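Have a look at the structure below, then the notes.
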Amino acid sequence: MQKKIGVGSELDSYCGKCKLLLNHVVVAMVESDPKRVRCLTCQSEHNHRMPKPKSSGSRSRSSGSSRTTKTRSVASAAARWQALLADWDEEAAKSYSIYETFSVNDWVSHPKFGKGGVIEVPGPDRIITLFESGEKMLMQGKKRA
Ligand SMILES: [Zn+2]
């Protein structure tokens, strides 16, 4: 018999901060799937994600990634953005608001910049989010007056 997973259950999830597959506890479920988890190592909360299987070289979506690196920084930002949002889930994404707080790997839906993913949280009041147009520093965690 399989153990039922629910809020409070522990499971393995990929932690973007620790950069490891680690033990996490489920904090939110969507139907029977864990949606948000908290890393028991660094205590950060993020969307549950299994590590992406590493296919060596051959990606079905982008043909010939080894071709040219002429427009390197631009291309890599776009590629990173695509990778970040490869498994974009509208329901899991948070609408951006300065009152909201975000964690690394959170998906952000921004009214102006569109879909993005949090790549860094340099401070409690700011996040660096990668949008299709590039990295943006955004405010977060503003206290409502
Ligand atoms: Zn962690």
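Every number in this text was worked out from the coordinates using simple rules, so none of it is lab data. Predicted, not measured: the structure shown is a model, and the values here were computed from it. Cβ atoms come from the backbone with ideal geometry, glycine included; neighbour counts cover every protein chain shown.
Count neighbours as other Cβ atoms within 10 Å of each site's Cβ, and list the GluC sites (Glu not before Pro) in the stretch 79-136 that are DSSP loop with at most 12 such neighbours.
Glu90, Glu91
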The set of residues whose placed amide H lies less than 5 Å from the amide H of Glu100, leaving out same-chain residues fewer than 5 positions away, is Gly141, Lys142
Whole-Hz couplings from phi, Karplus 6.51/-1.76/1.60, listed for the stretch 29-43; x for Gly and Pro: 10, 10, 6, 9, 10, x, 10, 10, 9, 10, 6, 6, 8, 10, 6
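Please give me the summed charge of the neighbours of Val27: other residues whose Cβ is under 12 Å from its Cβ, Lys and Arg +1, Asp and Glu -1. Walk me through the numbers before you get to the answer.
Working: positive: Lys35, Arg36, Arg38; negative: Glu10, Glu45.
That sum, taken over residues with Cβ under 12 Å, equals +1.
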Considering amide H positions built from the backbone, and no H for Pro or chain starts, which residues 5 or more places from Val108, or on another chain, come under 5 Å of its amide H? Lys94, Gly116, Gly117, Val118
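Give me the net charge for the shell around Trp81: Cβ to Cβ below 10 angstrom, other residues only, Lys and Arg +1, Asp and Glu -1. Walk me through the numbers on the way to the answer.
Numbers: positive: Arg80, Lys115; negative: Glu132, Glu135.
Overall, the nearby charge balance is 0.
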Hull surface divided by four, with the convex hull built on the Cα atoms of the stretch 72-139: how many nm²? 4.2
Quick one: net charge of Val108's neighbours, Cβ under 10 Å, K/R +1, D/E -1? +1
Is there a pair in Lys19/Lys142; Lys19/Lys112; Lys4/Lys35; Lys4/Lys94 whose C-alpha atoms are over 25 Å apart, and which pairs would that be? Lys19/Lys142; Lys19/Lys112; Lys4/Lys94
